[in-house]
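Structure record follows, encoded as structure tokens.
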């Protein structure tokens, strides 16, 4: 176990750097309490800390795409996606776009075109399906590029293929639980970064994953453990070959 405070920012980023950026890779990043709660009073922000924010920022720095469900955009009050000046400078030096692209997955398209998230540094993507309301697709098309993938539900595998075809193979999923559940169901999760907050939230809250039950299981291997001075643990798991 490595103390987080002993790592410089470049060293922390190196901990989460993928072996080969050209290979499509879907990483999920979540925080939960010791007893498994994914939120307190409806928001995951209450589980965060300074050390969690630092790791969160380092992981974001490496993404081509930040993938988020529409419910999380609404519930968490997502801010426009813009990295810090230091992160943009680092990405530029690595030959990456200054900022990752935000991709929002939504079936019902219950998003307002005036939501601040559409003021991100890069024009966002909205990923939906053919059965979504056409008028909402048209309205959101004014502020985002709308990808229609799938008939009655979003085809997540087709989404991953489309993002790779657009030269954005490194996908970071930041929530919510239903999106993680759907990604797990179709076996798209290559990595899970889990921050363990040192508190007990009690009963009532959901887990980091949600949705219908599935028979699929995926064995993961613990590759990195970092400890924060605030007693947070940061666990990185990769799928076994």
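The values are calculated or read from the model by the stated rules, or taken from the named source; none is laboratory data. No experiment lies behind these values; they were computed from the predicted model shown. Because the Cβ atoms are built from the backbone with ideal geometry, glycine has one as well, and the counts that use them run over all protein chains shown.
Step by step: first the residues of region 177-195, then only those that are over 11 Å from the mean Cα position of the chain (by Cα) and part of a helix (DSSP H, G or I), then the one that is surrounded by the most Cβ atoms within 10 Å (Cβ to Cβ). Which residue is that?
Among those that are over 11 Å from the mean Cα position of the chain (by Cα) and part of a helix (DSSP H, G or I), it is 183.
Go through (1) touching a strand residue (DSSP E or B) at 6+ places or on another chain (Cβ under 7 Å); (2) within 19 Å of residue 71 (Cα to Cα); (3) crowded, with 16+ Cβ neighbours inside 10 Å and name the single condition residue 145 misses.
All conditions pass for residue 145, except number (3).
For the list (1) buried (at least 20 other Cβ atoms within 10 Å of the Cβ); (2) in contact with a helix residue (DSSP H, G or I) (Cβ under 7 Å, 6 or more places away or on another chain); (3) at pLDDT below 95, I need the number of the one condition that residue 29 fails.
So the condition that residue 29 fails would be (3).
Output the residues belonging to region 109-137 that are more than 18 Å from the chain's Cα centre (by Cα) and closer than 17 Å to residue 159 by Cα.
109, 129, 130, 131, 132, 137
Taking residue 58, is it at pLDDT 95 or above, outside any loop (DSSP other than H, G, I, E, B) and either crowded, with 20+ Cβ neighbours inside 10 Å or within 15 Å of the chain's Cα centre (by Cα) (or both)?
Here the answer is yes, as residue 58 does meet what is asked.
Could you please find all residues in region 205-232 being touching a residue at least 60 places away in the same chain (Cβ under 8 Å) and out of contact with any helix residue (DSSP H, G or I) (no Cβ under 8 Å at 6 or more places or on another chain)?
Listed by number, the residues that qualify are 205, 225.
Can you tell me how many residues in region 196-207 are crowded, with 17+ Cβ neighbours inside 10 Å and at pLDDT 95 or above?
2
Which of the numbered conditions does residue 137 fail, given that it passes all the others? Conditions: (1) farther than 22 Å from residue 76 by Cβ; (2) assigned to a loop (DSSP other than H, G, I, E, B); (3) in contact with a strand residue (DSSP E or B) (Cβ under 6 Å, 6 or more places away or on another chain).
Among (1) farther than 22 Å from residue 76 by Cβ; (2) assigned to a loop (DSSP other than H, G, I, E, B); (3) in contact with a strand residue (DSSP E or B) (Cβ under 6 Å, 6 or more places away or on another chain), the lone unmet condition for residue 137 is (2).
Would you confirm whether any residue within region 28-42 is within 21 Å of residue 224 (Cβ to Cβ), free of Cβ contacts under 8 Å to residues at least 24 places away in the same chain and in a loop (DSSP other than H, G, I, E, B)?
No; the residues of region 28-42 include none that is within 21 Å of residue 224 (Cβ to Cβ), free of Cβ contacts under 8 Å to residues at least 24 places away in the same chain and in a loop (DSSP other than H, G, I, E, B).
Can you spot a residue in region 3-19 that is farther than 21 Å from residue 170 by Cβ, exposed (fewer than 15 other Cβ atoms within 10 Å of the Cβ) and in contact (Cβ under 8 Å) with a residue 12 or more places away in the chain?
The answer is yes; a qualifying residue exists.
Mind listing whichever residues of region 118-128 are crowded, with 19+ Cβ neighbours inside 10 Å and in contact with a strand residue (DSSP E or B) (Cβ under 7 Å, 6 or more places away or on another chain)?
Of everything in region 118-128, those that are crowded, with 19+ Cβ neighbours inside 10 Å and in contact with a strand residue (DSSP E or B) (Cβ under 7 Å, 6 or more places away or on another chain) turn out to be 120, 124, 125, 126, 127, 128.
Would you mind finding the one in 22, 51 that is touching a helix residue (DSSP H, G or I) at 6+ places or on another chain (Cβ under 6 Å), farther than 30 Å from residue 113 by Cα and either part of a loop (DSSP other than H, G, I, E, B) or in contact (Cβ under 8 Å) with a residue 40 or more places away in the chain (or both)?
Among 22, 51, only 51 is touching a helix residue (DSSP H, G or I) at 6+ places or on another chain (Cβ under 6 Å), farther than 30 Å from residue 113 by Cα and either part of a loop (DSSP other than H, G, I, E, B) or in contact (Cβ under 8 Å) with a residue 40 or more places away in the chain (or both).
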